[in-house]
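One structure is given here, and the rest of the page talks about it.
The values are calculated or read from the model by the stated rules, or taken from the named source; none is laboratory data. Treat the numbers as computed from the prediction; the structure is a model and nothing was measured. So basically every Cβ, Gly included, is an ideal-geometry build from the backbone, and we count neighbours across all protein chains shown. Surface accessibility is based on the protein's heavy atoms, side chains included, excluding ligands, DNA and RNA. Shrake-Rupley method; radii C 1.70, N 1.55, O 1.52, S 1.80 Å.
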Amino acid sequence: KIVEIIKSVNPDIVSLNEVYDAPVEFLEKQAEYIATKLGYYFVFGKAINIKGGQYGNAILSRYPLCDVSIIPIPDALTHNEPVFYESRSVIKTYINKEKKKYHIFVSHFGLAKEEQDNGTAVIKEFGNDLDNVIFMGDLNLTPNDKNYYEITKVLKNTVDENIKTFPSINPISRIDYIFVSKDINVIKGEVLKNVFSDHLPITIDIE
């Protein structure tokens, strides 16, 4: 079903969170499976080990993914919030399209504030230093969060922050985003109403 939804959008680049790369029990090498069905390039970015395999994020692309690196987000030093703590990471890569280099980042931020602080610091460092940046993911941040504000100091949100994305049925919160650097012109951005996971998907068109 995810393959069908992606085909209907026909995107150049896709970000996926909560991806299994674990060919055991009921789990698939999901990024490879979806990319193969679509005929896309892909990269999987591990965050943690799970059930004899790995779990994290993925990027799919019509264009070759260059200079890929998986950047660990520092773990929280204190566990003083009543939330589940989990190591997180950022995929960093770039594509070339029409003689322009686009820097792509994908992440899934933690639930704890310290984890979110650490993820925001990683993204701000690259957002300050690079042009043509696209940053996507489930950030577990609402638009009222201080870290959302910190990210928007260097990157711009592309879809109306008042549109909710979670949960996908009767959504009440906005925690999923696509940010771009301020040199990128966004034609439109929207939250799709396709329910195929616990979050609604976001899509943007850029010039």
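The listed residues are Phe179, Phe126, and the only one of them that is hydrophobic (A, V, I, L, M, F, W, C), under 30 Å from Ala76 (Cα atoms) and part of a strand (DSSP E or B) turns out to be Phe179.
Flag: Ile134 matches the condition of being assigned to a strand (DSSP E or B) and among the aliphatic types (A, V, I, L, M).
None of Ser87, Ser107 is in contact with a Lys or Arg (Cβ under 8 Å, 6 or more places away or on another chain) and hydroxyl-bearing (Ser, Thr, Tyr) except Ser107. Of the residues in the range 166-188, at least one is within 17 Å of Thr142 (Cβ to Cβ), hydroxyl-bearing (Ser, Thr, Tyr) and surrounded by 19 or more Cβ atoms within 10 Å (Cβ to Cβ). Of Val83, Val43, all but one fail to be closer than 25 Å to Ile151 by Cβ, exposed (fewer than 15 other Cβ atoms within 10 Å of the Cβ) and among the aliphatic types (A, V, I, L, M); the exception is Val83. Being touching a Phe, Trp or Tyr at 6+ places or on another chain (Cβ under 7 Å), among the aliphatic types (A, V, I, L, M) and either modelled with pLDDT of 95 or more or within 18 Å of Asn17 (Cα to Cα) (or both): is that true of Ala121 here? For Ala121, the condition - touching a Phe, Trp or Tyr at 6+ places or on another chain (Cβ under 7 Å), among the aliphatic types (A, V, I, L, M) and either modelled with pLDDT of 95 or more or within 18 Å of Asn17 (Cα to Cα) (or both) - is not met.
Entry remark, the range 132-146: residues being touching a Lys or Arg at 6+ places or on another chain (Cβ under 8 Å) and either open to solvent by less than 20 Å² (accessible area, probe 1.4 Å) or under 23 Å from Asp12 (Cβ atoms) (or both) number 1 in total. Among residues of the range 162-173 that are under 17 Å from Thr203 (Cβ atoms) and among the hydroxyl-bearing types (Ser, Thr, Tyr), those with a Cβ under 9 angstrom from a residue that is open to solvent by 100 Å² or more (accessible area, probe 1.4 Å) and at pLDDT below 95, sequence gap 6+ or separate chain, pair up as Ser168/Lys193.
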